[in-house]
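Structure record follows, encoded as C-alpha cells.
The values are calculated or read from the model by the stated rules, or taken from the named source; none is laboratory data. No experiment lies behind these values; they were computed from the predicted model shown. For neighbour counting, all protein chains shown are included, and Cβ atoms are generated from backbone atoms with ideal geometry for every residue, glycine included.
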C-alpha cells in the first residue's frame, strides 16, 4: 500500500488531466511565462475524484464475495468463526490455514456471504500488488468517481475509508506471506473483521489467531460429490463413496472428480479405475470451464515452488510419499535422511505450508493425495521427475529396512515392529523393500501365519521382478517364503521351494557359501519334517562336513546342524 503524493500548495498552479502537460512558451518580450492550457473533455475528472470517499458511500451496500452454491458441512468451523468475531469488545483478524485444495476459500466465502456488514470485500492477496489492486477496486466500488485516478491513490483512499469507518469486513484470500498484508492490517486494525485464508500455518501471531482447516467429513464429501454429479439429472452414484475415500476427502479433489464424471459420463467406479491406471492424467484433469491452474496436480506444485530455497523439503516430501499417511515415526524413518538440523528446517518449512503435519507424539502425517501426486512422475513438473521419485523410493526402502530391530523374537522390540508395519505395507503396495521380510518374520512370530505368508509372497515376487530370480536377496526371500509355508504345515509347497533355492544358490553362490549351507540345512529339515529321513540324513551329513571345513570351529551353525543330524539318526533307528 502506498501513500498519495503531497498536495501542491501553489494556488495558481494549473491542474492538468492525466496525459496532458502544460506547454511552456514566451512572447518576444518575455512577459508571458505560460500559455493557458486547454483540457480536453475526455481527460477531465469530476470534482469528487479529488475528495475523500464520502461517509455514506456504503449506504446501498457493497460486496464482491463469491457465491458458494455447493458449500457443504463445516458446521464446527463456521461456529468457531462466528464465536471468534462476535466476542464483546474484540474486532480481530483470523487466519484460516490448511493444505492447498482443502476448502479454505469456500469456507471464507460462505462465512462472509452470511454476514450483515454493508461492505464485504474479497481480495485475492497472493502478493502486495494484488492486495493494492483489490483495495483500489474497493475504492471504485464505494466511490465510482474515483475511476481514472492513479491506482496508488485509489488504494490509499480505500485504506483511509476503512481506517475511519465501521461496518465492513475483508477477506484476504490465499495470502502467501504475512508481510504482504501487514501495512494494511496495521492501519485498519480494530475497525472491522478481517479473515485471512492461507497455506501458511506460521507467522500470524502479530495480527491474527489461526484456525486449521482439515479435510471434509466423509458424509460431507459424498454429499458434495453427488450434488455435483446429479446437477444435470439422475446419474449412477455407485462407487462415489470409494472415490471420495481414495481422494482423502480433499474438497477440491472431490469437486473436480465429480465434475469430470458429470461432464464425461464416467461412473464413479470407472473413475476409480482410471485413477489407479492413469494417475498422472487424472490428477491433471479438469472439466470444461475448470481452472487448469487449480487442478490437484498443480496446487501443490505452486507450494513446492515456494520451497525451492530449501531443496531438502521436496526430497523429504517425495520420501514420505512412500509410507503410510499417518503416524510416520520421525526419528525412525528419517534417521539418516539428512543431518538433524537440515532435516528439522526442511520439515518445518513443509509443516509451515501444511504439506506435512508434525504431530505432538513425534510422528508425521501427510495427506494421502499429496503422497499419491508426489510419487507419480510428470516430466513437466520439476518436482516430480522420474529419477527423483525413484531415488526417494529407494531411500525410503533403505531407511525403513534399517529402522527394524534385529530380533523379532524379543518382546521389547515388538512396539517398534508394530509402528513400522503400516509403513512397510504402504511401501510394498507400490514398491518392494527389504523391510517386508522383517515384517513378515515378526508376523510369523506372532502367529499371524496367513498375513506372514502373504507378505513373503509379495516380497518374493517383488524381488524377482526388480532384481531378478538369481539375485541373493531374491533367493533369500524365496527361502523365507518356503520357511513360512513350512511353519504353516504346507510341506507340499515348502519342499519344492527349498529345492529350487538350493539349486540356484549352489549355481550362483557356490556349494560352500554360508547361504548355500543354510539352504541345504533348511531343505534337510523340511525332508525330516515330512518323514523322509532317507533324504534328510545325507543332506545333514553333507552340510555338516562342509560347515566344519569352511566355517570357524565355534560357529553356531555347526552345532545346530550336528544336533539336527543326531535327532534324525535317532529317529531312523539303529540301522542308520
For residue 276, state whether it is farther than 27 Å from residue 393 by Cα, assigned to a helix (DSSP H, G or I) and not assigned by TED's automatic domain parsing to the domain that holds residue 69.
no
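I'd like to check something: does the stretch 494-501 contain any residue that is within 25 Å of residue 421 (Cβ to Cβ) and free of Cβ contacts under 8 Å to residues at least 40 places away in the same chain?
Initial filter on the stretch 494-501 (within 25 Å of residue 421 (Cβ to Cβ)): 494, 497.
After this cut, where a residue has to be free of Cβ contacts under 8 Å to residues at least 40 places away in the same chain as well, the list is 494, 497.
Scanning the stretch 494-501 turns up at least one residue that is within 25 Å of residue 421 (Cβ to Cβ) and free of Cβ contacts under 8 Å to residues at least 40 places away in the same chain.
Considering only residues that are within 21 Å of residue 367 (Cα to Cα) and in contact with a helix residue (DSSP H, G or I) (Cβ under 9 Å, 6 or more places away or on another chain), look in the stretch 185-213 and name the one that is surrounded by the fewest Cβ atoms within 10 Å (Cβ to Cβ).
Step one: filter the stretch 185-213 for residues within 21 Å of residue 367 (Cα to Cα), giving 197-202, 210-213.
Adding the requirement that they be in contact with a helix residue (DSSP H, G or I) (Cβ under 9 Å, 6 or more places away or on another chain) leaves 197-202, 211, 213.
Details: 197: 25, 198: 26, 199: 23, 200: 19, 201: 18, 202: 15, 211: 19, 213: 20.
Step by step, filter the stretch 185-213, then rank; the result is 202.
Give me a count of the residues in the stretch 103-127 that are in a helix (DSSP H, G or I) and crowded, with 18+ Cβ neighbours inside 10 Å. Walk me through how you get there before you give the answer.
Pass one, the stretch 103-127, residues in a helix (DSSP H, G or I): 104-113.
Checking which are crowded, with 18+ Cβ neighbours inside 10 Å leaves us with 104-112.
Qualifying residue count for the region: 9.
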For residue 552, the lone unmet condition from (1) within 29 Å of residue 454 (Cβ to Cβ); (2) not in a helix (DSSP H, G or I) is (1)
Where residues in the stretch 220-239 are part of a helix (DSSP H, G or I) and over 22 Å from the mean Cα position of the chain (by Cα), which of them is surrounded by the fewest Cβ atoms within 10 Å (Cβ to Cβ)?
227
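Determine, yes or no, whether residue 326 is surrounded by fewer than 22 Cβ atoms within 10 Å (Cβ to Cβ), in contact with a helix residue (DSSP H, G or I) (Cβ under 7 Å, 6 or more places away or on another chain), modelled with pLDDT of 90 or more and over 24 Å from residue 386 (Cβ atoms). Let's see the steps before the verdict.
On the way: surrounded by fewer than 22 Cβ atoms within 10 Å (Cβ to Cβ): yes; in contact with a helix residue (DSSP H, G or I) (Cβ under 7 Å, 6 or more places away or on another chain): no; modelled with pLDDT of 90 or more: yes; over 24 Å from residue 386 (Cβ atoms): yes.
Answer is no for this residue.
Results for (1) farther than 17 Å from residue 501 by Cβ; (2) in a helix (DSSP H, G or I); (3) at pLDDT below 70, shown as yes or no for each residue.
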site: 456; (1), (2), (3): no, yes, no
site: 463; (1), (2), (3): no, yes, yes
site: 466; (1), (2), (3): yes, yes, yes
site: 477; (1), (2), (3): no, yes, no
site: 482; (1), (2), (3): no, yes, no
site: 489; (1), (2), (3): yes, no, no
Pick from the stretch 287-309 the residues that are more than 20 Å from residue 104 (Cα to Cα) and surrounded by 15 or more Cβ atoms within 10 Å (Cβ to Cβ): which of them is modelled with the lowest pLDDT?
287
